[in-house]
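The values are calculated or read from the model by the stated rules, or taken from the named source; none is laboratory data. Worth saying up front: this structure is predicted, and the values here are computed from it rather than measured. Glycine gets a Cβ as well: all are built from the backbone with ideal geometry, and neighbour counts include every protein chain shown. Protein only, heavy atoms only, side chains kept; ligands, DNA and RNA dropped before computing areas. Shrake-Rupley method; radii C 1.70, N 1.55, O 1.52, S 1.80 Å.
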Amino acid sequence: MKIETKQVKSLLILFLLSCLMTAGLLVRLHELDTASLSHDEISMVQYTKGLLTTGIPSKITASFQKPLTTYELLPYSIAVPVMLFGFSDFTVRLHSVFWGTLEILLLFILGKTLFNRAVGFVAALIYTFHPWCIIWSQSVVYPQLTQVLTTLTVLFFFKTIDASHPPKKYIYLTSAFFCCTYLSWEGSGFLLIAMALALVLHKGTDVSWLRNKHIWLGFAIIVLTIFIQQSRRLLYQAKFHVVGSTVSDVSLPQPYFLDPMYYPYYYIYKFFLIENNYILSVFLIAGIFLILKNKPLRYLYTILIGVVFCQSNFISIAANRYVYNVEPFLILIAPAVSFQYITILKNACKERTLPFSFSLALSAVMITVILFLSTNMQFLKLYLLSAVPSNPPALTRQNVYWNDYRSISTYVGKNMREGDIVFSSTPHALDYYAGIKGDFSLSTLMGKAMIIHTRGRYPVYIDKFMGNPILTSLEEFKRIVKQHDRIWFVTAPQRTLYANDDETIDYIRQHFKVVYESYNTKVYFWEK
């Protein structure tokens, strides 16, 4: 009879999990291509096209081929649905839909491994409808892929350190998945520091693992992967003379805590306290009292806090997507903590009467309901209670679009004539949507990264997307205006206009007229 009961429970969990994954898939497919691709997404599409054309992720910038030196695994993931269905906004985002749906299953498995099936299922339920998780599983770029690989790394690492004599397969799977995580985005390398701390805290005075040659061999594989990736990155970047700085310049840890601009609270506000993470963070605080005696819980806390701490103190550029890979652990901690407190209360009572048992069961259900309703937008729109409900953080709330490259490119493409000149700081977006490569970019403040192209007769500044010349003074811009009859000036996003001094901005506003406008984008036009 017990065996039959277990089988029924297993089948029920399997059925519910299948329903969750199906719901998660449908939610992620819904309006997948409604929003325009961002310029970062289009950049990755460029590299994917290079992969399918030349065999390596690369793109042509001006007269040279530029290989991808970060997110090396990403184009291979994007390429799979593209090879099956061709290039479109829908298909290039499909790979993240797959990884986001798979993460639902992985989070359940991680929760079951560390705690029990109930914790794993509630965490998977929260993740399925969490708006931040839906957003990134509808994006071309790396966060969703990195998150899945991080979860797999953390899962197999726990299996490794929780065993007295860990099987070799867990050690090498941990090493392999960490290397893949690092090659999907090298900022995930901080996971290694958190893992090392988790190992020490988990093992305590037991140092027998130091004599395990397979652990050291797995570590050597990781170090070799990091060394090769960074060496390759430096060798390829050395070929280009660049003025200015970009996010890609930050590839190795640095003592950001010594910088005068050091701001250690960024991830508190932009990760722990963003709209649908607020309640989860309350449970995170409540669980601090449990981590001394609960090893699996302490393990999750160490990974989560370790990664966020390193991102806050050793990288000078911050963005909440940098810690998206540890979002599942914040989600998993909430039901783990709540159910642990219920267990403590249950064990503290000697007489387990029917009303008491019913109260505990009702408490578990209510906590699950509270966690579920507070972490999605399908049932309650709690973001309306925020201080600035009309101004959400970038890429954290569903149905809030970023920049519209699609419609402005289509508009320019339909209205261009032969001989027209196009200025754009994101010409690859014009090229992707309208086949327009553009002619120039304008940056009189020289506040953007510019490549110095030295193959011609005279060195010139070119943009990193298509290799178009960049004008750096108003006089140069006026000279181009005088030489042509019609000029399009595309500001996508609108802030690209402010890469110029006030005099240049005033000149554009006085002599050009706005002929098309969409969300966070404008098209200016000048005609003799």
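Within region 1-35, count every residue that is among the small types (Gly, Ala, Ser) and more than 28 Å from Ser88 (Cβ to Cβ).
The qualifying residues number 2.
If Tyr433 meets every condition in (1) crowded, with 19+ Cβ neighbours inside 10 Å; (2) part of a loop (DSSP other than H, G, I, E, B) apart from one, which number is that one?
(2)
Provide a single number: the residues in region 205-223 that are without any contact (Cβ under 8 Å) to a residue 12 or more places away in the chain and under 24 Å from Val326 (Cβ atoms).
1
Please determine, by comparing only the residues of region 420-468 that are among the small types (Gly, Ala, Ser) and out of contact with any strand residue (DSSP E or B) (no Cβ under 7 Å at 6 or more places or on another chain), which one is modelled with the lowest pLDDT.
Filtering region 420-468 for residues that are among the small types (Gly, Ala, Ser) and out of contact with any strand residue (DSSP E or B) (no Cβ under 7 Å at 6 or more places or on another chain), the one modelled with the lowest pLDDT comes out as Gly456.
Give the residues of region 383-402 that are over 17 Å from Tyr519 (Cβ atoms) and either modelled with pLDDT under 75 or open to solvent by 90 Å² or more (accessible area, probe 1.4 Å) (or both), sorted by residue number.
Of everything in region 383-402, those that are over 17 Å from Tyr519 (Cβ atoms) and either modelled with pLDDT under 75 or open to solvent by 90 Å² or more (accessible area, probe 1.4 Å) (or both) turn out to be Leu384, Leu385, Ser386, Ala387, Val388.
Identify, by number, the condition in (1) surrounded by 23 or more Cβ atoms within 10 Å (Cβ to Cβ); (2) without any contact (Cβ under 8 Å) to a residue 24 or more places away in the chain that Cys133 doesn't meet.
Unmet condition: (2).
Hey, any hits in region 477-486 for a residue that's more than 28 Å from Lys66 (Cα to Cα), assigned to a loop (DSSP other than H, G, I, E, B) and touching a Gly at 6+ places or on another chain (Cβ under 9 Å)?
Yes, region 477-486 contains a residue that is more than 28 Å from Lys66 (Cα to Cα), assigned to a loop (DSSP other than H, G, I, E, B) and touching a Gly at 6+ places or on another chain (Cβ under 9 Å).
Looking at region 341-378, which of its residues are under 24 Å from Phe129 (Cα atoms) and touching a residue at least 24 places away in the same chain (Cβ under 8 Å)?
Ala364, Ile367, Thr368, Ile370, Leu371, Phe372, Ser374, Thr375, Asn376, Met377, Gln378
Pick from region 413-429 the residues that are in a helix (DSSP H, G or I) and surrounded by fewer than 18 Cβ atoms within 10 Å (Cβ to Cβ): which of them is nearest to the chain's Cα centre (by Cα)?
Gly413
Could you name every one of the helices (runs of 4 or more DSSP H) located completely within region 262-375 that has at least 3 residues being open to solvent by 40 Å² or more (accessible area, probe 1.4 Å) and more than 30 Å from Lys203 (Cα to Cα)? Reasoning before the result, please.
Details: elements: 278-286, 295-314, 327-348, 354-373.
Counting at least 3 such residues, we get 354-373.
Looking only at residues that are touching a Lys or Arg at 6+ places or on another chain (Cβ under 8 Å) and under 19 Å from Ile436 (Cα atoms) in region 495-526, which one is surrounded by the most Cβ atoms within 10 Å (Cβ to Cβ)?
Tyr524
Does any residue in region 483-507 that is more than 19 Å from Thr521 (Cα to Cα) come within less than 9 Å, Cβ to Cβ, of a residue that is in a strand (DSSP E or B) and not aliphatic (A, V, I, L, M) six or more places away or on a different chain, and which pairs are these?
Pairs that qualify, where the first residue is more than 19 Å from Thr521 (Cα to Cα) and the partner is in a strand (DSSP E or B) and not aliphatic (A, V, I, L, M), are His484/Trp526; Asp485/Glu527; Arg486/Phe525; Arg486/Trp526; Arg486/Glu527.
Kindly indicate whether Leu192 is surrounded by fewer than 22 Cβ atoms within 10 Å (Cβ to Cβ), within 23 Å of the chain's Cα centre (by Cα) and more than 30 Å from Asn399 (Cβ to Cβ).
yes
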